Amino acid sequence: MGVLRRWILPLLFVLVSVLLYFKTSHKVSVLQIFNFSSPFFYFFYEIQANGGCSLLSHDEFWIRSNRIVTPEGVFAGAVEVKGGRIASVVSDDYSGGQFAGGYVVDYGNAVVMPGFVDIHVHLDEPGRTEWEGFSAGTKAAAAGGVTTLIDMPLNSFPVTVTEEALKLKVEAAREKIYVDVGFWGGLVPENALNTTILDRLLRAGVLGLKSFMLPSGINDFPMTNITHIKEGLYTLAKYKRPLLVHAEVNPNSDGDGETIDAASDPRSYSTYLKTRPASWEIEAISELRTAMEETKVGGPAEGAHVHIVHLSDAGTSLNLIKEAKSSGASVSVETCAHYLAFSAEEIKDGDTRFKCAPPIRDEANRQKLREALLEGDIDMLSSDHSPTTPELKLLKEGDFLRAWGGVSSLQFDLPATWHYGKTYGLTLRQLVKYWSERPAKFAGQEHKGAILPGKDADFVVWDPEVEFELDGSYKTFSKHPNISAYMGKTLSGKVLATFVRGNLVFSDGIHSPNPCGETILAK
């Protein structure tokens with residue numbers, strides 16, 4: 001009997017489904033006959049979908065849940081999807097017989113939210129696909145509930161500082177991406193002082209520009225000074241697009257990077273922390289004040305916007321940003337999940353997975369960042385997903401001064417933010433505000449970021465009560481999962497399914513057989 005259950009019944013199950021497939025010619029979905037969570041579903045899907053890019057063979061359907069997160073609140077109800085857009089949103093007390101004849105995917109008590117919009121991601125393609133690449137990176141994104149990401153202009157090769165480089169990047173992404181992908185361009189001295197180059201890059205469709213106020217670590221992406229930044233803002237003002245700034249300045253050098261006493265232990269995180277003090281962030285944001293002032297109404301850069309990326313210092317740096325906002329300057333700021341999750345005190349000697357810039361600071365600073373987020377002083381969250389190869393992270397040597405910086409985290413945006421956030425009072429509505437609504441608006445994607453009629457049908461379905469350990473058996477999709485600082489941690493919030501424009505691109509650990517993400521270009 002055990003053999004019968006193990007082999008014969010599943011084979012009969014397969015046979016019936018294959019016959020059903022040929023009989024119906026795709027008109028009846030296997031999903032309508034069998035339980036959506038059946039372990040055999042994905043085998044049938046490969047036969048059923050004939051190479052499609054969705055695990056669901058319906059263009060029109062309803063998603064029902066007891067916890068749908070909308071701008072009006074969290075309630076039990078359903079979302080109607082038609083042709084990749086949200087057609088309607090109804091509560092369970094609606095009595096119009098809206099489900100009659102429609103296909104319904106019922107997720108019970110799981111949370112249904114707008115997909116995350118991660119505005120700060122390095123996927124490193126073309127040129128450095130051994131670091132990550134569009135296929136692996138967007139698979140990780142989909143598995144983490146990210147439905148839209150904006151790719152940074154580095155560390156790809158060539159860097160995205162010209163129209164020609166953008167075209168290469170867009171072409172590299174085609175037919176590889178499982179979520180929608182937009183692109184930031186780079187502001188460097190060469191194009192900052194040549195408006196023809198910059199105009200062509202912006203007209204080609206980058207959503208905005210990114211610059212560094214100290215060496216980026218990539219020789220072909222040099223740092224900018226305040227003159228370059230202002231020139232960039234004047235050009236951006238014509239397009240009403242933002243400038244994203246890595247705001248650190250070393251006031252004691254000409255920008256030659258990290259300095260430290262030769263007697264210090266390079267395996268100690270405290271050694272690295274001393275090389276990039278909070279004063280570097282303060283210095284950079286202080287220098288930016290004059291540029292911020294010019295974005296005011298009536299100013300020479302009106303229409304442009306200054307955005308401080310990955311803020312680490314919750315003290316004077318944040319206060320300077322708050323002052324600029326209150327003065328009428330067009331300014332915003334993000335921080336990252338890892339600054340809210342970790343503190344310097346818990347980083348062990350030699351664990352270079354945690355090296356990033358600006359660095360993860362002490363526990364008191366972490367608490368202030370959390371408070372600033374809840375109080376609304378921080379506008380949005382991002383991952384700053386920055387992968388590389390294990391060799392460049394120097395995992396064996398554990399040398400914080402020589403290891404490549406950056407936290408690899410794209411698949412863990414949601415569970416990392418939620419696991420730590422629920423301990424300090426983060427709500428589902430705030431999660432959506434910081435990870436979906438505001439990032440979508442910032443990136444100019446008004447059709448994304450919220451569960452409202454007319455918006456793209458981008459959803460993440462997840463269970464906030466489930467805890468899991470990121471051990472060797474956990475299924476990850478980044479090219480080099482072992483370099484992530486989150487590996488070995490226990491997190492909360494298991495992603496069950498991800499929809500991109502109505503396409504079910506990820507469900508129960510499985511991706512759609514073909515990628516169906518679209519590239520996003522500004523118009």
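The values are calculated or read from the model by the stated rules, or taken from the named source; none is laboratory data. The shown structure was predicted, so the numbers you read here are calculated from the model rather than taken from an experiment. As a convention, Cβ positions derive from the backbone with ideal geometry for all residues, glycine included, and neighbour counts pool all protein chains shown. In case anyone asks, the SASA skips ligands and DNA or RNA and just uses the protein heavy atoms, side chains included. Shrake-Rupley method; radii C 1.70, N 1.55, O 1.52, S 1.80 Å.
Which of (1) over 21 Å from Val432 (Cα atoms); (2) buried (at least 18 other Cβ atoms within 10 Å of the Cβ) is the odd one out, the single condition His385 does not satisfy?
(1)
Contact list please: Cβ distance under 6 Å, first residue in the range 418-429 and closer than 9 Å to Leu374 by Cα, second residue of a type outside the set (D, E, K, R) and open to solvent by less than 40 Å² (accessible area, probe 1.4 Å), pairs at least six apart or on different chains.
No pair meets every condition.
Just name the residue that is nearest to Leu521 (Cα to Cα) out of those in the range 175-201 that are in contact (Cβ under 8 Å) with a residue 60 or more places away in the chain and touching a Lys or Arg at 6+ places or on another chain (Cβ under 7 Å). Quick ask: steps written out before the conclusion?
Narrowing the range 175-201 to residues in contact (Cβ under 8 Å) with a residue 60 or more places away in the chain: 175-184.
Filter again for touching a Lys or Arg at 6+ places or on another chain (Cβ under 7 Å), leaving 178, 183-184.
Details: Tyr178: 17, Phe183: 7, Trp184: 10 Å.
This residue is Phe183.
Got a sec? Which of Asp377, Asp313 is modelled with pLDDT of 95 or more, within 17 Å of Lys274 (Cα to Cα) and acidic (Asp, Glu)?
Values: Asp377 fails: within 17 Å of Lys274 (Cα to Cα).
None of the others qualify; the one that does is Asp313.
Kindly list, by first and then second residue, each pair from a residue in the range 108-137 that is touching a residue at least 40 places away in the same chain (Cβ under 8 Å) and of a type in the set (D, E, K, R) to a residue that is part of a helix (DSSP H, G or I) and open to solvent by 10 Å² or more (accessible area, probe 1.4 Å), limited to pairs with Cβ atoms under 6 Å and residues at least 6 apart or on different chains.
Filtered contacts from the range 108-137: Glu125/Ala172.
Applying the selection to the range 385-418, what residues are out of contact with any helix residue (DSSP H, G or I) (no Cβ under 8 Å at 6 or more places or on another chain) and on the phi > 0 side of the Ramachandran plot?
Within the range 385-418, Gly406 is the sole residue that qualifies.
Taking the criterion of being in a helix (DSSP H, G or I) and in contact with a Phe, Trp or Tyr (Cβ under 9 Å, 6 or more places away or on another chain), would at least one residue in the range 393-404 satisfy it?
First, pick out the residues of the range 393-404 that are in a helix (DSSP H, G or I): 393.
If we keep only those that are in contact with a Phe, Trp or Tyr (Cβ under 9 Å, 6 or more places away or on another chain) too, we end up with 393.
Looking for residues that are in a helix (DSSP H, G or I) and in contact with a Phe, Trp or Tyr (Cβ under 9 Å, 6 or more places away or on another chain), one finds at least one in the range 393-404, hence yes.
Filter the range 366-381 down to the residues that are out of contact with any helix residue (DSSP H, G or I) (no Cβ under 8 Å at 6 or more places or on another chain) and either under 14 Å from His310 (Cβ atoms) or not in a helix (DSSP H, G or I) (or both) and list them by number.
The one that is out of contact with any helix residue (DSSP H, G or I) (no Cβ under 8 Å at 6 or more places or on another chain) and either under 14 Å from His310 (Cβ atoms) or not in a helix (DSSP H, G or I) (or both): Gly376.
Out of the residues in the range 391-438 that are buried (at least 21 other Cβ atoms within 10 Å of the Cβ) and polar (S, T, N, Q), state the one that is nearest to Phe75 (Cα to Cα).
Ser436
Among the residues in the range 121-128, are any touching a strand residue (DSSP E or B) at 6+ places or on another chain (Cβ under 7 Å), within 13 Å of Val179 (Cβ to Cβ) and surrounded by 20 or more Cβ atoms within 10 Å (Cβ to Cβ)?
Taking the range 121-128 as the starting set, the residues that turn out to be touching a strand residue (DSSP E or B) at 6+ places or on another chain (Cβ under 7 Å) are 121-123.
Retained after the next criterion (residues that are within 13 Å of Val179 (Cβ to Cβ)): 121, 123.
Next, from what is left, pick out any that are surrounded by 20 or more Cβ atoms within 10 Å (Cβ to Cβ): 121, 123.
Scanning the range 121-128 turns up at least one residue that is touching a strand residue (DSSP E or B) at 6+ places or on another chain (Cβ under 7 Å), within 13 Å of Val179 (Cβ to Cβ) and surrounded by 20 or more Cβ atoms within 10 Å (Cβ to Cβ).
Residues that are open to solvent by 10 Å² or more (accessible area, probe 1.4 Å) and over 21 Å from Ser286 (Cα atoms): does the range 224-236 have at least one? So that I can check it myself, show each step before the final result.
From the range 224-236, those open to solvent by 10 Å² or more (accessible area, probe 1.4 Å) are 225-228, 230-231, 234; that's our starting set.
Next, only the ones that are over 21 Å from Ser286 (Cα atoms) stay: none.
The answer is no, given that none of the residues of the range 224-236 is open to solvent by 10 Å² or more (accessible area, probe 1.4 Å) and over 21 Å from Ser286 (Cα atoms).
Could you check, for the range 186-202, whether at least one of its residues is of a type in the set (Val, Ile, Thr), surrounded by 24 or more Cβ atoms within 10 Å (Cβ to Cβ) and within 19 Å of the chain's Cα centre (by Cα)? Before the answer, list the steps.
Initially, the range 186-202 is screened for residues of a type in the set (Val, Ile, Thr), giving 188, 195-197.
Next, from what is left, pick out any that are surrounded by 24 or more Cβ atoms within 10 Å (Cβ to Cβ): 188.
Within this subset, residues satisfying the condition of being within 19 Å of the chain's Cα centre (by Cα) are none.
No, that holds for no residue.
Filter the range 466-476 down to residues that are within 20 Å of the chain's Cα centre (by Cα) and open to solvent by less than 40 Å² (accessible area, probe 1.4 Å), then give me how many there are.
So the count comes out to 2.
Any residue at all in the range 451-462 that's over 17 Å from the mean Cα position of the chain (by Cα), crowded, with 22+ Cβ neighbours inside 10 Å and of a type in the set (Gly, Ala, Ser)?
Yes, because at least one residue in the range 451-462 is over 17 Å from the mean Cα position of the chain (by Cα), crowded, with 22+ Cβ neighbours inside 10 Å and of a type in the set (Gly, Ala, Ser).
Working only within the range 325-364, note down all residues that are assigned to a helix (DSSP H, G or I), open to solvent by 20 Å² or more (accessible area, probe 1.4 Å) and under 25 Å from Phe116 (Cβ atoms).
Passing the criteria: Lys325, Arg353.
With among the acidic types (Asp, Glu) and in a helix (DSSP H, G or I) as the only criterion, which of Glu164, Glu125 stands out? Write out each step before concluding.
Values: Glu125 fails: in a helix (DSSP H, G or I).
Among Glu164, Glu125, only Glu164 is among the acidic types (Asp, Glu) and in a helix (DSSP H, G or I).
Would you say Val181 is under 24 Å from the mean Cα position of the chain (by Cα), modelled with pLDDT of 95 or more and in a helix (DSSP H, G or I)?
Values: under 24 Å from the mean Cα position of the chain (by Cα): yes; modelled with pLDDT of 95 or more: yes; in a helix (DSSP H, G or I): no.
Answer is no for this residue.
Yes or no, residue by residue, for (1) without any contact (Cβ under 8 Å) to a residue 12 or more places away in the chain; (2) hydrophobic (A, V, I, L, M, F, W, C); (3) farther than 23 Å from Glu231 by Cβ:
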position: Tyr272; (1), (2), (3): no, no, yes
position: Ala278; (1), (2), (3): no, yes, yes
position: Val297; (1), (2), (3): no, yes, no
position: His307; (1), (2), (3): no, no, no
position: Leu311; (1), (2), (3): no, yes, yes
position: Gly328; (1), (2), (3): no, no, no
position: Val333; (1), (2), (3): no, yes, no
position: Phe342; (1), (2), (3): no, yes, yes
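Just give me the residues in the range 493-508 being over 18 Å from Glu175 (Cβ atoms), open to solvent by 20 Å² or more (accessible area, probe 1.4 Å) and part of a loop (DSSP other than H, G, I, E, B), in sequence order.
Across the range 493-508, the qualifying residue is only Asp508.
In the range 75-94, which residue that is buried (at least 18 other Cβ atoms within 10 Å of the Cβ) and either touching a Gly at 6+ places or on another chain (Cβ under 9 Å) or not small (Gly, Ala, Ser) (or both) is modelled with the lowest pLDDT? It would help to see each step written out before you state the result.
Applying the first criterion (buried (at least 18 other Cβ atoms within 10 Å of the Cβ)) to the range 75-94 yields 77-81, 86, 89-90.
Checking which are either touching a Gly at 6+ places or on another chain (Cβ under 9 Å) or not small (Gly, Ala, Ser) (or both) leaves us with 79-81, 86, 89-90.
Details: Val79: 96, Glu80: 96, Val81: 97, Ile86: 98, Val89: 96, Val90: 93.
Checked the range 75-94; the qualifying residue modelled with the lowest pLDDT is Val90.
Output the number of the condition that Ala140 fails; it satisfies all remaining conditions of (1) of a type outside the set (Ser, Thr, Tyr); (2) outside any helix (DSSP H, G or I); (3) touching a residue at least 60 places away in the same chain (Cβ under 8 Å).
(2)
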